[in-house]
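Visitor: Let me give you the structure first, and then I'll get to my questions.
The values are calculated or read from the model by the stated rules, or taken from the named source; none is laboratory data. From a predicted model like this one, the values you see are computed outputs, not experimental measurements. Heads up, the Cβs are rebuilt from the backbone with ideal geometry, glycines too, and the neighbour counts pull from every protein chain shown.
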Amino acid sequence: MNATGLTEAVTTTPDLTIFAPNNAAFQAISSTLANLTTEQVAAVLQYHVINGTVAYSSTLSNGTVVPTLGGDNITITIVDGDVYVNRARVVTADILLANGVLHVLDSVLSSNDSTSANTTSTTPSTGAASMPTAAIGAALLFGGAALLANL
C-alpha cells in the first residue's frame, strides 16, 4: 500500500466503498503474485474501490454498473438474494469504516472479468480474478479488514 502512494488517499478520502477479497480468495491465486509492479498493484487496489459513494448492501441494485476508482466498471448482480460484484459473491456485507463501508468478497476482482454473475450457475465466482495483478495489492489494502471480517 505504501509503495503505491495510495495509503493516505484511502485513509482520508470520504465516502468510499471497498470490496475486499477474503483470505481464501487470496490463497486461491497466491501462486501468481511474484512479479507485480507498483503500477499493477495500484491498478488492482483501485479496481476494488468506489469513490464518492457509500454503497450499503441495501442500496445495491441488480444490473447496476459502477465506475471504480481506477476508471474501469464493475457490475452488481443480485441472484436469489446473494449480491455479486462481477462474479465475486459478497460473503460479508456492510462493515463500517471511518470513511465508508467495506464488503468482503469470495474472490479477487479482475478488470478482465467484469461480467456479471451467471444466474444459471450455482458458483458464479468460478474463474474470477485469475490475473496475476489481483491479490498482493488488494491484500495490502484489504488484508486487515478482511481478516477482521473472517474472525
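Visitor: Test Ala93 against the criterion of being assigned to a loop (DSSP other than H, G, I, E, B), at pLDDT 50 or above, more than 14 Å from Ala28 (Cβ to Cβ) and touching a Ser or Thr at 6+ places or on another chain (Cβ under 7 Å), and give yes or no.
Guide: Judged against the criteria, Ala93 is not a match.
Visitor: Let me ask you something else. Would you pick out the residues in the stretch 1-33 that are over 18 Å from Asp106 (Cβ atoms), buried (at least 20 other Cβ atoms within 10 Å of the Cβ) and either of a type in the set (Phe, Trp, Tyr) or modelled with pLDDT of 75 or more (or both)?
Guide: Result: Leu16, single match.
Visitor: Would you confirm whether any residue within the stretch 37-60 is at pLDDT below 65, part of a loop (DSSP other than H, G, I, E, B) and among the aliphatic types (A, V, I, L, M)? I'd like the intermediate steps shown before the answer.
Guide: Our first condition is that a residue be at pLDDT below 65; within the stretch 37-60, this holds for none.
So far as the stretch 37-60 goes, no, none of its residues is at pLDDT below 65, part of a loop (DSSP other than H, G, I, E, B) and among the aliphatic types (A, V, I, L, M).
Visitor: Filter the stretch 75-98 down to residues that are more than 15 Å from His48 (Cβ to Cβ) and of a type in the set (S, T, N, Q), then give me how many there are.
Guide: 1
Visitor: Since Ala117 meets every condition but one in (1) part of a loop (DSSP other than H, G, I, E, B); (2) at pLDDT 90 or above; (3) surrounded by 20 or more Cβ atoms within 10 Å (Cβ to Cβ), which condition does it not meet?
Guide: Checking Ala117 against (1) part of a loop (DSSP other than H, G, I, E, B); (2) at pLDDT 90 or above; (3) surrounded by 20 or more Cβ atoms within 10 Å (Cβ to Cβ), the one that fails is (2).
Visitor: If only one of Gly63, Gly71 is part of a loop (DSSP other than H, G, I, E, B) and either among the aromatic types (Phe, Trp, Tyr) or more than 28 Å from Thr12 (Cβ to Cβ) (or both), which one is it?
Guide: Working: Gly71 fails: either among the aromatic types (Phe, Trp, Tyr) or more than 28 Å from Thr12 (Cβ to Cβ) (or both).
After ruling out the rest, the residue left standing is Gly63.
Visitor: In this structure, does Asn112 turn out to be of a type outside the set (Lys, Arg) and over 25 Å from Thr12 (Cβ atoms)?
Guide: yes
Visitor: Looking only at the stretch 74-90, count every residue that is part of a strand (DSSP E or B), touching a strand residue (DSSP E or B) at 6+ places or on another chain (Cβ under 8 Å) and buried (at least 17 other Cβ atoms within 10 Å of the Cβ) and tell me the total.
Guide: 11
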